[in-house]
């Protein structure tokens, strides 16, 4: 078991849609977080959540039933309801278990996207909102996959966006660890579905995790300083 650290060390946990399959799975995720809190009460947790498994595809199907070519802005706005639903559901389950938890929306979390054609999205000083909230709550839940552009427009981060936003936030907040929780065994050097001898990578630094998230990898790992 990992030893406890100094007071108010931040750990980022990203919960993928593959484990958020139904209402019971949100309850199980909340219980998992409670066990982590009991293991080391000095830590504060930032939970980055995806939409429930399959919901993003369902929302896109709905959009295309209305109009064959939805604009990216309208589609992102519809997609974002999936992540925000996950934020609210997990927060409610945590509250039921007696956890001092609060959910933040896309505008509150502080991920600001650069204009198209530039490098990866960046996390700016607005992350101070998360830091202030973590000072008063054991757990803060935020949506992955989304940020805001100029004018406050909600926009998705693209392929691998939820993992990318988790690692970016962990880096910006100087988190002790960033753990991507999924129903797979971890990060691999190559796609294990293609290469049966693919090497599993148990730990990554933030820079390498960002590079792999940029590349759109679909597996999880633990990244730390």
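The values are calculated or read from the model by the stated rules, or taken from the named source; none is laboratory data. Since this is a predicted model, take the numbers as computed values, not measurements. With ideal geometry, Cβ positions are generated from the backbone for all residues, glycine too; neighbour counts draw on all protein chains shown.
Details
- Test for residue 29: is it part of a loop (DSSP other than H, G, I, E, B), at pLDDT 95 or above and either closer than 22 Å to residue 134 by Cβ or in contact with a helix residue (DSSP H, G or I) (Cβ under 8 Å, 6 or more places away or on another chain) (or both): no
- Selected residue [without any contact (Cβ under 8 Å) to a residue 40 or more places away in the chain, within 30 Å of residue 150 (Cα to Cα) and surrounded by fewer than 19 Cβ atoms within 10 Å (Cβ to Cβ)] from 64, 36: 64
- Here residue 9 clears all of (1) under 21 Å from the mean Cα position of the chain (by Cα); (2) surrounded by fewer than 18 Cβ atoms within 10 Å (Cβ to Cβ); (3) farther than 18 Å from residue 136 by Cα; (4) in contact (Cβ under 8 Å) with a residue 12 or more places away in the chain except the condition numbered (3).
- Search result, residues across region 32-63 that are touching a helix residue (DSSP H, G or I) at 6+ places or on another chain (Cβ under 9 Å) and farther than 28 Å from residue 136 by Cα: 53, 54, 55, 56, 58, 59, 60, 62, 63
- Of residues in region 154-198 being closer than 17 Å to residue 76 by Cα and at pLDDT below 70, the one nearest to the chain's Cα centre (by Cα): 160
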